[in-house]
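The values are calculated or read from the model by the stated rules, or taken from the named source; none is laboratory data. All values reported here derive from a predicted model rather than from experimental measurement. So basically every Cβ, Gly included, is an ideal-geometry build from the backbone, and we count neighbours across all protein chains shown. Keep in mind that these areas ignore ligands, DNA and RNA; they rest on the heavy atoms of the full protein, side chains included. Shrake-Rupley method; radii C 1.70, N 1.55, O 1.52, S 1.80 Å.
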Amino acid sequence: MNLLSMLGAIRTGQDIINKTTQKFDKGFLMLQGRIKEIKYLIQKHGKDPKIRQIAADILTQKTIVSGTTNLGWAIKQKDYLAELKAIFKWVRENIRYQFDPVNKDIIESPFTTIKLKLADCDGLTVLIGSLAQSMGYPVVIKIIKQGDTGRMYHIYPLVGIPPSNPRGWIALDAIFNKPIGYQVEYSKMWKIKV
């Protein structure tokens with residue numbers, strides 16, 4: 001099965017980055033400080049050797065090769081979808097989704113998220129984005145508004161594959177009990193390059 005046809009949630013080409021003429025609503029403009037901090041944390045920790053080591057530990061598991069007693073890589077080299085699935089699975093199995101405290105918006109480093117073993121969508125975005133960037137994947141932050149009233153915003157990373165020249169972008173939204181690539185319905189959407 002073709003990698004790009006495998007996931008309906010992959011976005012291709014130029015649609016990944018907002019056009020400068022896009023209109024932002026007032027609520028989105030209020031999020032600019034949070035978005036700047038999330039981008040900064042992903043960029044900073046995507047270069048951190050300790051985050052790269054965590055990602056390497058996730059991706060370099062060994063397994064018995066079928067029909068032999070030999071050990072081989074559990075994830076084949078350059079199997080980009082399998083690598084992203086492994087990162088996504090690790091985050092889902094090790095980090096619990098949890099709202100921030102009442103009336104307080106916290107954006108944690110990936111190390112704090114790993115230590116606490118919980119995060120909201122901001123923290124999960126920083127963790128997944130940092131792990132993916134540490135392995136050479138480009139990351140875009142997707143911010144959505146759910147519904148037409150109120151200020152219900154959600155954020156998650158889109159990761160480009162193949163890493164060197166992305167032809168598609170896969171959603172890694174770890175707050176839902178859904179597979180890699182799932183994207184919730186929204187009334188408005190913005191994509192910010194990291």
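Let's see how each residue does on (1) surrounded by fewer than 21 Cβ atoms within 10 Å (Cβ to Cβ); (2) modelled with pLDDT of 95 or more:
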residue	(1), (2)
S130	no, yes
K142	no, no
T149	yes, no
V159	no, yes
Y182	yes, no
Y186	yes, no
Inset, instruction - Tell me, yes or no, whether the stretch 38-60 has at least one residue that is without any contact (Cβ under 8 Å) to a residue 24 or more places away in the chain, open to solvent by 80 Å² or more (accessible area, probe 1.4 Å), at negative phi and touching a Leu at 6+ places or on another chain (Cβ under 8 Å). - result: no
Inset, instruction - May I ask you to list the residues in the stretch 168-192 that are assigned to a loop (DSSP other than H, G, I, E, B), closer than 22 Å to R92 by Cα and among the aromatic types (F, W, Y)? - result: F176, Y182
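Answer with yes or no whether K85 is basic (K, R), in a helix (DSSP H, G or I), more than 20 Å from L41 (Cα to Cα) and open to solvent by 10 Å² or more (accessible area, probe 1.4 Å). Full working, then the answer.
On the way: basic (K, R): yes; in a helix (DSSP H, G or I): yes; more than 20 Å from L41 (Cα to Cα): yes; open to solvent by 10 Å² or more (accessible area, probe 1.4 Å): yes.
Considered against the rule, which asks whether it is basic (K, R), in a helix (DSSP H, G or I), more than 20 Å from L41 (Cα to Cα) and open to solvent by 10 Å² or more (accessible area, probe 1.4 Å), K85 comes out as yes.
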Inset, instruction - Kindly indicate whether any position in the stretch 97-110 is in contact with a Ser or Thr (Cβ under 9 Å, 6 or more places away or on another chain), open to solvent by less than 30 Å² (accessible area, probe 1.4 Å) and within 18 Å of R52 (Cα to Cα). - result: yes
Inset, instruction - Scan the stretch 161-172 for residues that are in contact with a helix residue (DSSP H, G or I) (Cβ under 8 Å, 6 or more places away or on another chain) and open to solvent by less than 10 Å² (accessible area, probe 1.4 Å) and report the count. - result: 4
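Determine if the stretch 114-126 includes at least one residue that is open to solvent by less than 50 Å² (accessible area, probe 1.4 Å) and at pLDDT below 90.
Residues of the stretch 114-126 open to solvent by less than 50 Å² (accessible area, probe 1.4 Å): 114, 119-126.
Subsequent filtering for residues that are at pLDDT below 90 retains none.
Checking the stretch 114-126: not a single residue is open to solvent by less than 50 Å² (accessible area, probe 1.4 Å) and at pLDDT below 90.
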Inset, instruction - For the stretch 147-154, indicate whether the set of residues that are under 14 Å from the mean Cα position of the chain (by Cα), in a strand (DSSP E or B) and over 24 Å from D48 (Cβ atoms) is non-empty. - result: yes
Legend entry - Where a residue in the stretch 178-194 is free of Cβ contacts under 8 Å to residues at least 60 places away in the same chain and its partner, wherever it lies, is part of a loop (DSSP other than H, G, I, E, B) and of a type in the set (S, T, N, Q), with Cβ under 6 Å and at least six apart: Y186/Q146
